Amino acid sequence: MSSTKNWRSSLRRVNLYATHLLGTKATPVYVMTSIISFILAISITYGAYFIFYTFFAVILFALVLVIISTAARVIDDLNEGIASMILTAGLSRFEYILSWLISTVFYPVIIIALAALIPALVISPGALISYRVGPIGFVPPPLGMLIMTFSEQLYVNTMFALSFGIVYRRKSIAWVIAVMLTIIIPIISPMIGVAIALGMGPSSISYRYTNLVIYFMNFLFNPFYAYLSAYAFDPKDIVLPLLTIGISGVFGLIFTWALIYHAKHSMEA
Amino acid sequence: MIKYIIIGLFIPAMIVTLTIGIALIRPLEGVSRTTSYGYETIVVTVNNNNETVVALISRPINGYIKDYISSEVYKYYLTITPSYLYSTSIKAYIKDDKVLIIAVPSQPYYGFVVLKPSLGINFLKAINSVKIYESDTSSISNERIPLSIFSKYVDNVEIRIVRIITFEKYTQVRNILPYYAAQFSKYQGMYLTDIVYLAMGNTPAAPTAQSILQVSFERIAMFQTTIHYILGPGPQVILRDIILLSIIVGLLIYDYRRRPDEYYGLRKILRIFKKEEKS
């Protein structure tokens, strides 16, 4: 009974602090999430989610940058001792770091996934699994897979960058990793893919395999890009998409654990 | 936190509800795709009544329509606009002009073909036996053909649009081909049927007769296809939207009762209503 009470009061404290953060330090994340939710909801309601599909790289990069720039302020709090000051107000170390994660990472990931899911579920649930929905003759991947991999990539990228930033207590490391994952690897992987394809000789089959190179360069941390290249390689294949969703999901959980563990330890010191 | 979750849910819910509301008042319509088609095959023959019959057959339209599968909200329609006849005076000599949509595994002829009557009759019979839609040419541009009627054919057989024109029995070449009649003065008084018979034969005049027919009918061989969409929500869509709104409103009431201070704007609106009630 007492442990239930503890959990409840713990949750209440996390809720309070996360709400406070969203209204103060994490406001840019909240604003950015609302803007992107709006764009996503409109494009999916009108069956024109190719708009999202075309600009996904820009949307993803903008989101990751805003999330990292906001969430990395926890590193400042740790370095400057503000975190210790807040901990004296009755918040545990775990609650403190969880509140930060909820307001800066979980909130945008969940709300953006919902902003895409809600119009699809209300207007045409078929879009989640079908290849043929929308007023324009365009055959995109199923929307359900796009939403799942997009949210997962957002989560894994931010968690990976933040966990390294917290381990080394440096914001710049978080920034470098975020830029590497969202910009450098997605740009370099097609270049390497094309280079290998050119090396294989001028046949149409070899160009198809550039998608496989892009897939294997992205499948650990960028499930969205990996899924798109797997879809371009073979739209009916399910092994490659499941592999990237599973492996990057496990990586995401590992980084979450590493982040909480290191943040707790760094507050002990 | 619930406040921020409600805002997050409210954005897509508002967009969906507004769209459904507008679509209920006036279904949103638009054009998805428009293409001009030429005909792949032109078949000229003579029927039992000694009338000239021209069948203009398009190339398959499967690739054009197969991506448009209607969902609960989006309904797709095809409209066909045949090209205008190059001279309005021809209309007086046309006995019958209709457009058919046919579904066939493959068709036996390509290009410009003049068929002997026996073969031609069988060919026209065959076309009529595989039709899935038929309409008069004068009215087809106003008709909306639901794409759902093609769904069982689109992946299996070729879907083609056919225009069949039957000319009056005593149509002369000069009646329908004034420019060509002037050019080929020798043929201008002849009946169209005779030109067709001439084109079927092996005489030295056959190539000229064929070219007259070919050039004249190629000029009408064009039509425009358009795929329209209508966004009209059905009862299931409205029900799902109501469920979604109920969840959001339920969450809002629950959280507002617990922490009314967090909802500054809502509180102010509610106060205005309460004041009005009192007064």
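Every read-out reported here was derived from the displayed coordinates using simple, explicitly stated rules and does not represent laboratory data. Bear in mind the structure is a predicted one, so any value in this text is a computation, not a measurement. Cβ placement follows ideal geometry from the backbone for every residue including glycine, while neighbour counts extend to all protein chains displayed.
Assorted remarks:
- Relative to the dominant Cα principal axis of chain A, helix A:56-71 is inclined by about 10°.
- Cβ crowding within 10 Å averaged over residues, with B:258-267, B:92-101 ranked highest first: B:92-101, B:258-267
- For chain A, the longest principal axis of the alpha carbon atoms and the long axis of helix A:239-268 meet at an angle near 20°.
- Within the shell defined by Cβ-Cβ distances under 12 Å, the residues around B:Asn48 carry a net charge of +1, with Lys and Arg each +1 and Asp and Glu each -1.
- Span-like helix ranges in chain B, DSSP H, alpha carbon extent 24 angstrom or more, Kyte mean at least -0.5: B:2-25, B:235-258
- All other residues whose Cβ lies under 15 angstrom from that of B:Gln236 are scored, Lys and Arg at +1 and Asp and Glu at -1, for a net of 0.
- Placing a label point 7 Å from the Cα of B:Ile243 along the Cα-to-Cβ direction, the residues of region A:105-123 with a backbone N closer than 11 Å are A:121-122.
- Of B:Val157, B:Val249, B:Val44, the residue with the greatest mean-square motion in the GNM of chain B, using alpha carbon springs below 10 Å, is B:Val249.
- When the alpha carbon gyration tensor of region B:1-133 is reduced to an equivalent ellipsoid, the three semi-axes, largest first, read 49, 17, 12 Å.
- Normalised by 2.2 N^0.38 Å, where N is the number of residues, the alpha-carbon radius of gyration of region A:2-268 equals 1.09.
- Computed lengthening from B:Ile121 to B:Asn156, 0.36 nm per intervening residue step minus Cα-Cα distance: 9.9 nm
- q = 0.09, 0.16, 0.19 Å⁻¹: log10 I(q)/I(0) that the Debye formula gives for region B:28-231, counting C-alpha atoms only: -0.37, -1.02, -1.33
- Highest to lowest packing among A:161-167, A:85-91, B:77-83, A:35-41, scored as the average C-beta count within 10 Å: A:161-167, A:35-41, B:77-83, A:85-91
- FRET efficiency, A:Ile247 to B:Thr81 (Cβ-Cβ, R0 45 Å, nearest 0.05): 0.25
- Radius, Kirkwood style, for region B:202-278 when every pair of distinct Cα atoms is counted (Å): 19.8 Å
- Calculated FRET efficiency, B:Ser36 to A:Met85, Cβ-Cβ distance, R0 = 60 Å: about 0.25 to the nearest 0.05.
- Other residues lying with their Cβ under 15 Å from the Cβ of A:Val176 contribute a combined charge of +3, Lys and Arg counting +1, Asp and Glu -1.
- As a size descriptor, the averaged projected area of the C-alpha convex hull of region A:149-269 was calculated at 7.7 nm².
- Between B:Lys274 and A:Ile188, the modelled label-to-label distance comes to 6.2 nm, taking each label 7 Å out from Cα in the direction of the beta carbon.
- Furthest towards positive pole of dipole, A:Leu228, B:Tyr170, A:Ala71, structure part the protein assembly as shown, Cβ charges: A:Ala71
- Stretching the chain fully between B:Tyr110 and B:Lys186 yields a gain of 24.4 nm (0.36 nm per residue, less the alpha carbon separation).
- Under a 5 Å amide H cut-off, with hydrogens placed 1.01 Å from N, B:Ser83 pairs with B:Met222, B:Phe223, B:Gln224 among residues at least 5 apart or on other chains.
- Candidates B:Gln214, B:Gln224, B:Gln236, ranked by Gaussian network fluctuation over chain B, Cα under 10 Å, top entry: B:Gln236
- Taking each DSSP H run with n ≥ 4 as -39500 (n - 2.57) and averaging over every residue of the protein assembly as shown yields -18500 deg cm²/dmol at 222 nm.
- Average silhouette area of the protein assembly as shown, convex hull of alpha-carbon atoms, in square nanometres: 38.2 nm²
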